[in-house]
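Worksheet for the structure shown next.
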Amino acid sequence: MNELFSERAKTLLKTVDTNRMIVERRERLQSEMRKSGVSACIFFLPANVRYATGVSVMDVHCLAASERYCIVGATGDPILYEWEAALERSNKVVRDVRPALWWQYQGERGKRLIAQFVGETKQALRELGVEPNALIAVDRVDPSAVFALQKAGLNLVSASPVTDAAREIKTIDEAMLMRINGEIGRDMLSEFERAIVPGIREIDLLGVLTESLIRRDGIVVFTRLVSSGQNSNPWGTEASNKKVQDGELVALDTDATGFEGYVIDVSRTFMCGDVKPTDDQRHLYRLAKEQLIAMREAVRPGLCYAEFASMIPALPEKYRHQAYDSVVHGAGLMNEGPVIYQPWSDNNPHDRYLQENMVLCLEAYVGEVGGSCGVKLEDQVLVTKGGCELLVDFPFDDRLSA
């Protein structure tokens, strides 16, 4: 167990049953496959491979390189195609592990490997009892492999409807891992806030955030969203060599893949230096905080997306152009569903509902076009029977929110 984990995280970790989680995640996935008439899934996306098999190897690398994958039938155990150096390790978790092929960057040899991949895939599908014309769902498969599979007669569809539906609701052990990562997220924010001093570079603050994550068994900070002063308006400028000035706002989004692959996604905005904030800084902060608190208070299972959105204070018109399109997105092994849009949007359905054990990220950004700064706040919550549980329990900046 990581010695840097908080005492609460250490206690929570003792309750996680990894074997139960692997089984329950796969059962959720296969249930959604059967509902959708999908006979098998072919996964290359690391989050989907991990969800289906319980095994993770080189996830960041495999986002760009198709070097490990799995095939999952609508019933039974998956077949994992693994990087050769990890075969022995993965065999401890998955019953059927076979050497993976990879064909990228290999020219003519790559074409022969793709043909071999197609042959092995068809054989595996027969072993899983999949009929010749059955629906086969695929995720982020290399296009050359997709074309080859289609040419070989496979009836391919997107896996997103299946995987999105399965992963929206967290199992009991996933919820516990989200709580553990909430503890890590709190520690990341705490170390980040302490590091803010006049003259520090944005990129150095990003380094503090990343080190805090990695030392607690996290995997990667997948964006570089640390910005100060003018760089915080509009939102989306990534960390630079700019030095933070006394009296500037410093905003961040953790955007981290944490312990056991689960996302830590929370934002705060801080004041640099021992100075009094301007009226404009306080005003922006108040609007963002009001939105965030309203969303916390609105969350409850059974609430339709449109009704939830109607309960959020709409930003004044001059701030809407730069506001996030969505005020809610889900989180798990990646940023996921559900997605809920701003209260002035027409995209929020009346027939989709918040459900218990969803993990939601509540987003608020306020900054006027041409303004000198912006405020980004975000919370990560677990939907409970009575409302929601704050996963990253980190306070607001007293000087800005008083």
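The values are calculated or read from the model by the stated rules, or taken from the named source; none is laboratory data. The structure presented is a predicted model; accordingly, all values stated were derived computationally and were not measured. With ideal geometry, Cβ positions are generated from the backbone for all residues, glycine too; neighbour counts draw on all protein chains shown. Areas reflect the complete protein model, heavy atoms only, side chains present, ligands, DNA and RNA absent. Shrake-Rupley method; radii C 1.70, N 1.55, O 1.52, S 1.80 Å.
Can you tell which of SER240, SER212, SER232 is over 21 Å from the mean Cα position of the chain (by Cα) and over 23 Å from SER401 (Cα atoms)?
Working: SER212 fails: over 21 Å from the mean Cα position of the chain (by Cα); SER232 fails: over 23 Å from SER401 (Cα atoms).
Only one candidate passes the filter, namely SER240.
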Log entry, pairs with first residue in the stretch 276-305 being over 12 Å from SER401 (Cα atoms), second being part of a helix (DSSP H, G or I) and among the aromatic types (Phe, Trp, Tyr), beta carbons closer than 6 Å, six or more apart or on different chains, reads ALA298/PHE308
Every residue from the stretch 255-298 that is closer than 28 Å to TYR353 by Cβ and touching a Gly at 6+ places or on another chain (Cβ under 6 Å) = GLY258, ILE264, VAL266
Residues located in the stretch 127-149, provided they are open to solvent by 30 Å² or more (accessible area, probe 1.4 Å) and in a strand (DSSP E or B) | LEU135
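Report yes if TRP102 is in contact with a Ser or Thr (Cβ under 7 Å, 6 or more places away or on another chain), open to solvent by 20 Å² or more (accessible area, probe 1.4 Å) and modelled with pLDDT under 95, otherwise no. Walk me through how you get there before you give the answer.
Numbers: in contact with a Ser or Thr (Cβ under 7 Å, 6 or more places away or on another chain): yes; open to solvent by 20 Å² or more (accessible area, probe 1.4 Å): yes; modelled with pLDDT under 95: yes.
When the stated conditions are applied, TRP102 passes them.
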List the number of the failed condition for ARG20; all other conditions in (1) more than 24 Å from GLU88 (Cα to Cα); (2) open to solvent by 70 Å² or more (accessible area, probe 1.4 Å) hold.
-> (1)
Considering the stretch 357-402, residues that are under 18 Å from the mean Cα position of the chain (by Cα) and part of a loop (DSSP other than H, G, I, E, B), and then whichever is surrounded by the fewest Cβ atoms within 10 Å (Cβ to Cβ), we arrive at ASN357
Qualifying residue in the stretch 344-357 (condition: of a type in the set (S, T, N, Q) and in contact with a His (Cβ under 8 Å, 6 or more places away or on another chain)) = no
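Residue-wise test of (1) at pLDDT 95 or above; (2) farther than 29 Å from ARG215 by Cβ; (3) of a type in the set (Lys, Arg); (4) open to solvent by 10 Å² or more (accessible area, probe 1.4 Å).
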| site | (1), (2), (3), (4) |
| --- | --- |
| ASN2 | no, no, no, yes |
| GLU7 | yes, no, no, yes |
| LYS10 | yes, no, yes, yes |
| ALA40 | yes, yes, no, no |
| PHE43 | yes, yes, no, no |
| CYS70 | yes, yes, no, no |
| GLU84 | no, yes, no, yes |
Residue identified as buried (at least 21 other Cβ atoms within 10 Å of the Cβ), within 24 Å of LEU113 (Cα to Cα) and in contact with a helix residue (DSSP H, G or I) (Cβ under 8 Å, 6 or more places away or on another chain) among LEU80, LEU63, LEU29 = LEU80
Just checking, how many residues over the stretch 313-331 are among the charged types (D, E, K, R) and either in contact (Cβ under 8 Å) with a residue 60 or more places away in the chain or buried (at least 21 other Cβ atoms within 10 Å of the Cβ) (or both)?
-> 0
What do you reckon, is SER228 farther than 15 Å from CYS373 by Cα, modelled with pLDDT of 95 or more and touching a Lys or Arg at 6+ places or on another chain (Cβ under 7 Å)?
-> no
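Looking only at the stretch 150-165, count how many residues are surrounded by fewer than 24 Cβ atoms within 10 Å (Cβ to Cβ) and in contact (Cβ under 8 Å) with a residue 60 or more places away in the chain.
Narrowing the stretch 150-165 to residues surrounded by fewer than 24 Cβ atoms within 10 Å (Cβ to Cβ): 150-158, 160-161, 164-165.
Within this subset, residues satisfying the condition of being in contact (Cβ under 8 Å) with a residue 60 or more places away in the chain are 157, 161, 164-165.
Residues in the stretch 150-165 being surrounded by fewer than 24 Cβ atoms within 10 Å (Cβ to Cβ) and in contact (Cβ under 8 Å) with a residue 60 or more places away in the chain: 4 in total.
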